[in-house]
Amino acid sequence: CFFDDSFGSDGKKGCLRLDGNFSNGGVYVAATKKLKDINATSLKFQIKAPGFESIGLRIGDGTGQCFQRNIQIENKDAWQSVEIPCFTAGSNNISFWGGAEDGFWHPPISGISICMHSVKNGEKKGFIWLDDIEVQTTGTK
């Protein structure tokens with residue numbers, strides 16, 4: 001990951017570029033942020049991901065349980081908005097493990113990871129840009 005100050009989704013400078021090089025193997029790279037004492041209700045961000053039709057998202061809850069899902073995006077070289085309104089497993093191909101391991105969300109959020117999977121079509125390298133990452137809250141812990 002590195003900070004690219006050449007442009008951002010809102011026309012202002014600054015965004016995060018996540019690069020993956022899978023020449024020697026591997027299946028994903030991730031941009032991860034640990035969080036503390038936030039009662040999250042949803043997650044929003046901007047993404048520019050030419051060559052990709054989906055990304056992975058991992059969200060940790062207060063018990064250490066990790067929820068993972070694939071997020072469908074458009075394969076285009078333009079910014080697009082993504083909003084994830086609910087973290088509970090049981091639908092939308094969400095898997096979970098660790099912590100309570102019960103598939104139910106237990107606040108507060110402990111962290112997020114936005115994952116870029118290995119590149120398709122035989123390519124060994126790829127990149128995505130991320131911007132305006134926001135955790136929406138209820139205002140209480």
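The values are calculated or read from the model by the stated rules, or taken from the named source; none is laboratory data. Only a predicted model underlies this, so the values are computations on that prediction, with no experimental measurement involved. Neighbour counts run over all protein chains shown; Cβ positions are idealised from the backbone, glycine included. Quick note on the areas: whole protein, heavy atoms, side chains included, nothing else; ligands and nucleic acids left out. Shrake-Rupley method; radii C 1.70, N 1.55, O 1.52, S 1.80 Å.
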### Message
Testing LYS33 on (1) buried (at least 18 other Cβ atoms within 10 Å of the Cβ); (2) modelled with pLDDT of 90 or more, one condition comes back false. Which one is that?
### Response
(1)
#### Entry: Filter result (open to solvent by less than 20 Å² (accessible area, probe 1.4 Å) and among the small types (Gly, Ala, Ser)) within region 54-67
GLY56, GLY60
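State the number of residues belonging to region 44-66 that are assigned to a strand (DSSP E or B), touching a residue at least 60 places away in the same chain (Cβ under 8 Å) and not β-branched (Val, Ile, Thr).
Residues that pass the stated criteria total 6.
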### Task
Kindly list the number of the only condition in (1) surrounded by 15 or more Cβ atoms within 10 Å (Cβ to Cβ); (2) modelled with pLDDT under 90; (3) more than 22 Å from GLY26 (Cβ to Cβ) that fails for PRO85.
(1)
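So for region 68-77 (the condition being farther than 30 Å from SER23 by Cβ and open to solvent by less than 60 Å² (accessible area, probe 1.4 Å)), does at least one residue qualify? Give the derivation first.
Of all residues in region 68-77, those farther than 30 Å from SER23 by Cβ come to none.
No, region 68-77 contains no residue that is farther than 30 Å from SER23 by Cβ and open to solvent by less than 60 Å² (accessible area, probe 1.4 Å).
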### Message
Quick test of your reading of the structure: VAL27 fulfils all but one of (1) modelled with pLDDT of 90 or more; (2) out of contact with any Leu (no Cβ under 6 Å at 6 or more places or on another chain). Name the failing condition by number.
### Response
(1)
